[in-house]
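Right, one structure below, let's go through it.
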Amino acid sequence: MTLLSMDAIYTENLTKIFDTLTAVDQVSLSIAKGELFGLLGPNGAGKTTIIKMLSTLLSPTAGTAYVWGHDILHERDAVRRSIGMVFQDPAV
């Protein structure tokens with residue numbers, strides 16, 4: 001794994017499988033600090049699942065991911081401290 005000058009987000013073969021459904025299939029990407037990036041795709045493409053994994057709300061089935069250099073599996077608190085999220089529907 002090579003984090004190029006502290007990528008904001010780095011994933012390598014990120015995968016999430018629910019029972020028999022592969023929701024995210026080996027996604028590898030690198031988003032540099034300051035880069036503008038859009039995650040686009042049709043319903044059911046795995047966009048929300050990727051975001052949930054990157055924000056530590058879901059654990060990946062396979063692969064690795066880093067947010068600001070922090071491993072999403074082993075540094076969950078550091079990942080959460082380094083990001084902000086606004087949900088579509090407010091929850092009480």
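Here, each number is a calculation from the coordinates, and none is a lab measurement. Keep in mind that what you see is a predicted model, and the values were worked out from it rather than measured. Using ideal geometry, Cβ is built from the backbone for each residue, glycine included, and neighbour counts are taken over all protein chains shown.
Which one, [x] 13.8; [y] 15.8; [z] 12.6, gives Kirkwood radius over Cα pairs in Å as derived from the coordinates shown? Derived directly from the coordinates: [x]. Amide H to amide H distances under 5 Å link Leu57 with no residue, where only residues 5 or more positions off or on other chains count and H is placed in the peptide plane. Sorting Asp7, Asp89, Asp71, Asp77 from the fewest to the most surrounding beta carbons within 10 angstrom yields Asp89, Asp77, Asp71, Asp7. Taking amide H as placed 1.01 Å from N in the peptide plane, Val24 has its amide H under 5 Å from the amide H of Lys16, each at least 5 places away in sequence or on another chain.
Helix content alone sets the calculated 222 nm mean residue ellipticity of the chain: runs of n ≥ 4 DSSP H residues at -39500 (n - 2.57) each, divided across all residues, give -4000 deg cm²/dmol. Phi-derived couplings, Karplus 6.51 cos²θ - 1.76 cosθ + 1.60 at θ = phi - 60°, listed residue by residue for segment 43-52: 3, x, 7, x, 4, 5, 5, 4, 4, 5 Hz, with x used for Gly and Pro. Dipole magnitude for the chain: computed about the Cα centre from +1 point charges on Lys and Arg Cβ and -1 point charges on Asp and Glu Cβ, it is near 160 debye.
Here the 3J(HN,Hα) profile of segment 73-78, calculated from phi with Karplus coefficients 6.51, -1.76 and 1.60 at θ = phi - 60°, is 8, 9, 10, 4, 5, 5 Hz, Gly and Pro shown as x.
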